[in-house]
Each structure stands twice: as structure tokens, then as C-alpha cells.
Amino acid sequence: AEVHIPAPLRGLTGGATSVTIPGETLREVLDRLDEAYPGLKARLVQGDRMAPGMAVFVDGAIPPAGLRAKLAPEAEIYFAPAIAGG
């Protein structure tokens, strides 16, 4: 999957804006992302869900299965600050 790194977290990836990480599920990609870039997962995930204030999009949609979402090999993953309306 191609993982797009948000600007505030690029310091953990040496400035990379996107990286390719293999995995069958979103959780697996996040685990491997953290192996390659320690500390990144802790900024994105809290327990079994996205960290408060963070949202994840897979191929342009929020995955209904959360971190258990199955991924196609060519999936595109974006992380973004969650936006509240009001």
C-alpha cells in the first residue's frame, strides 16, 4: 500500500511524503510502518482505533472495518486530522 505521510509527521520518516508498505490489513500496514519508522504508529493509533483527532482514509473513504480493513496491494492510505463541525 502507498501510505501518504501528513506534514506534521514527516520528521519521523526523514521527510518522506509517502512510503510503500506491504500488508493485508490496515493494522498490518501500521505495524510495519512503525517497524520502519519507530514512533509513527503511536502518533496515529491508540489501542484498537485511530488516535483522537486523527482520521484514516483508504482509497478515499473511511474504512468501516477500522484497523481490520482488508487492503488491496495498490491501496492508497491517507492520515489527516479529524475535523469537527459546528
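General observations
- Neighbour cut-off at most 10 other Cβ (10 Å), DSSP loop, GluC sites (Glu not before Pro), the chain: GLU74
- Close amide H partners of SER18, meaning residues 5 or more places away or on another chain with modelled amide H under 5 Å apart, are ILE5.
- In the calculated pair-distance distribution of region 1-80, the portion above 21 angstrom amounts to 15 percent of the Cα-Cα pairs.
- Given charges at beta-carbon only (K, R positive; D, E negative), |dipole| of the chain in Debye: 280
- Sequence-separation-based contact order of the chain, relative, with Cα cut under 8 Å and 6+ spacing, percent: 36
Read-outs: derived from the displayed coordinates by stated rules, not from any lab. Quantities reported herein were computed from a predicted structural model and do not represent experimental measurements. Counting neighbours? That spans all protein chains shown, and the Cβs are built from the backbone with ideal geometry, glycine included.
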